[in-house]
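Quick notes on the structure that follows.
Derivation of every value follows stated rules applied to the coordinates shown; laboratory data play no part. Everything numeric in this text was worked out from a predicted model, so none of it was measured. Heads up, the Cβs are rebuilt from the backbone with ideal geometry, glycines too, and the neighbour counts pull from every protein chain shown.
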Amino acid sequence: MRRFSADYLEETRRGMWDHSRAALAPLELEDRELILDVGCGTGELSAVLSEETDGTVVGVDRDRQLLEETTVPTVRADATDLPFESGIADLVVCQALLINLPDPSRAIAEFVRCSTDLVAAIEPDNSAVTVESTVPLERELATRARTHYIQGVNTDVTLGTVPELLRSHGRPDREVTDIHTRRYDHVRTIEPPYDRRAVEAAKRKATGSRIAQQRETLLAGGMGPDEYDTFRSSWREMGRSIVDDMQNGTYRRTETIPFYVTVGKIKRTERRSS
Ligand SMILES: C[S@@+](CC[C@H](N)C(=O)[O-])C[C@H]1O[C@@H](n2cnc3c(N)ncnc32)[C@H](O)[C@@H]1O
């Protein structure tokens, strides 16, 4: 089971929806009564949803520690077995949950069961992430790490748009119709003046700690053990260059992560008696 730290989620989601609330328009947030944000983690999306609705947002996650960081009411539960009665919410949504599930269709079936109106998934396509950096090696090393990680991880982290999953949810009494997908690029920029999190992230690169945590996955993704050692040394060297350049105020980095907002409408179907 992949674990996420509160620091990681806060760092990677910071400002994500600050200038792009329009991408959430298909969720029709102003009309909602009860929203479930499943796999909410530290509740970065839940907080945005709460700002946009007069209804109630409930965060759901299986990780107790992450739930402690949220600002909304929460329920600890597994996304594939939600402890709610059918039709309890009028929107069930997730962000970057399905890419972490071995069988995302099981979670979608629960979303469809629990919603009376909309289901939505906001998922990235990690194969299309781009990095631009003033440190020449960073772009190449980030691409290599990502390529091996995607090949080695046991879930589909390139999922992105999910209309098929919504369509084939497996609930005989419901249909998901009017499925729409909208792409939203989450652009993360590091530039002077650097904040505490950016400085800490650079120092972490110089230690190679995150790359070390991913060792087994990178090896499973085709990186040889010797290649891994050389790769980690280069990564740490790159981290040291970033730290130096930050001290001179010359470091700049832009990462673009494509997210897809896929939304569908629940329609109840008549059960035919034979
Ligand atoms: C990448 S994080 C995304 C968190 C949050 N949605 C966000 O975008 O900031 C994935 C989250 O899904 C949760 N998660 C993974 N598998 C789960 C499952 N089977 N049931 C419930 N939560 C799960 C993890 O604990 C983690 O909080």
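For this structure, a couple of remarks:
- Degrees, to the nearest 10: 196-207 long Cα axis against longest axis of the chain: 60
- Taking 0.36 nm per residue of sequence separation and removing the Cα-Cα distance, the VAL243/TYR8 pair yields an extension gain of 82.7 nm.
- Helix 225-248 axis, angle to the chain major axis (alpha carbon atoms, nearest 10°): 80
- Prolate/oblate/rounded label for the range 47-128 (Cα gyration tensor, a/c 1.5): rounded
- Ranking ASN248, VAL199, PRO258 by Cα position along the charge dipole of the range 179-274, where only Lys, Arg, Asp and Glu carry charges on their C-beta atoms, puts PRO258 farthest toward the positive end.
- Antiparallel DSSP beta bridges within the chain, percent to nearest 5: 60
- Loop sites by DSSP among the GluC sites (Glu not before Pro) of the chain, restricted to those with at most 12 other Cβ atoms within 10 angstrom, leave 86-269 as the longest stretch without any of them.
- Placing a label point 7 Å from the Cα of GLU200 along the Cα-to-Cβ direction, the residues of the range 25-47 whose backbone N falls under 17 Å from that point are 42-44.
- Rounded to 10°, Cα long-axis angle of helix 136-152 versus longest principal axis of the chain: 40
- In this label model, ARG183 and ARG268 are separated by 3.9 nm, measuring between points 7 Å along each Cα→Cβ vector.
- For the chain, the calculated P(r) over all alpha carbon pairs, in 10 Å bins from 0 to the bin holding the longest distance, is 6, 27, 33, 21, 10, 2, 1, 0 percent.
- Under 5 Å from the amide H of HIS186 lie the amide H atoms of ILE257, PHE259, each residue being 5 or more positions distant or on a separate chain, with H modelled from the backbone and absent for Pro and chain starts.
- Kirkwood hydrodynamic radius over Cα pairs of the range 6-92, then Stokes diffusion coefficient at 37 °C and 0.692 mPa s, in µm²/s: 247
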